[in-house]
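The values are calculated or read from the model by the stated rules, or taken from the named source; none is laboratory data. It should be emphasised that the depicted structure is a prediction, and the values quoted were computed from it without experimental measurement. Cβ coordinates were reconstructed from backbone atoms using ideal geometry, including for glycine residues, and neighbour counts include every protein chain displayed.
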Amino acid sequence: MYVDVLYPTNQFAFADTFKKCDVIIDALVGYGINRPPSGFYESLIKMANESGKKILSIDMPTGMNPDTGGPYGACMKAKWTLSVGMPKKGLLEKKAKDFTGMLYLCDIGIPPEVYELLQIKYENPFDRNEIVKL
């Protein structure tokens, strides 16, 4: 797809790439985050937010507390968030809206039996589409 994929070892290329891109895809840190992003991650979040580019966050914006929806510190400000499987609790909180933008949920094929085994009440929202707006 001719997409630039950047790695931390090439950190000086980020600023230039952000200027040339149309959309930034945020998949830095997942819902396992439990503290404020720091160092290189914090600088990438700030650079992305200040770039003026649209941001698509995968699963949840980097820097967001998955339980409360509030930022730990630096937090991506996405135009869209594509949550995977089930929305994380924090994504549905009012204070998360400033960071999630439009919130979508995508089906990744988790069988209903998994939810049953985990005793999670689940109603399948994917009757007609693999992506639904929340």
Among the numbered criteria (1) assigned to a loop (DSSP other than H, G, I, E, B); (2) over 21 Å from Leu92 (Cβ atoms); (3) in contact with a Lys or Arg (Cβ under 6 Å, 6 or more places away or on another chain), which one does Arg35 miss? (3)
Show the residue pairs meeting these rules: Cβ distance below 8 Å; 6+ apart or different chains; first residue within region 17-37 and small (Gly, Ala, Ser); second residue part of a strand (DSSP E or B). Ala27/Ser57; Ala27/Ile58
Spot the failing condition for Val114; the list is (1) of a type in the set (A, V, I, L, M); (2) closer than 15 Å to Leu28 by Cα; (3) not in a loop (DSSP other than H, G, I, E, B), and only one is missed. (2)
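In region 73-85, is there at least one residue being within 30 Å of Lys121 (Cβ to Cβ), modelled with pLDDT of 90 or more and in a helix (DSSP H, G or I)?
no
Could you look through region 1-32, keep only residues that are of a type in the set (A, V, I, L, M, F, W, C) and in a helix (DSSP H, G or I), and pick out the one that is modelled with the lowest pLDDT?
Filtering first and then ranking leaves Phe12.
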Please name all residue pairs, on different chains or six or more residues apart, with Cβ atoms under 6 Å, provided the first residue is in region 109-126 and is touching a residue at least 24 places away in the same chain (Cβ under 8 Å) and the second residue is not aliphatic (A, V, I, L, M). Ile110/Gly85; Tyr122/Tyr115
Among residues of region 99-124 being aromatic (Phe, Trp, Tyr) and under 19 Å from the mean Cα position of the chain (by Cα), the residue farthest from Ala78 (Cα to Cα) is Tyr104
Considering only residues that are under 20 Å from Leu92 (Cβ atoms) and of a type in the set (D, E, K, R), which ones fall in region 107-129? Asp107, Lys121, Glu123
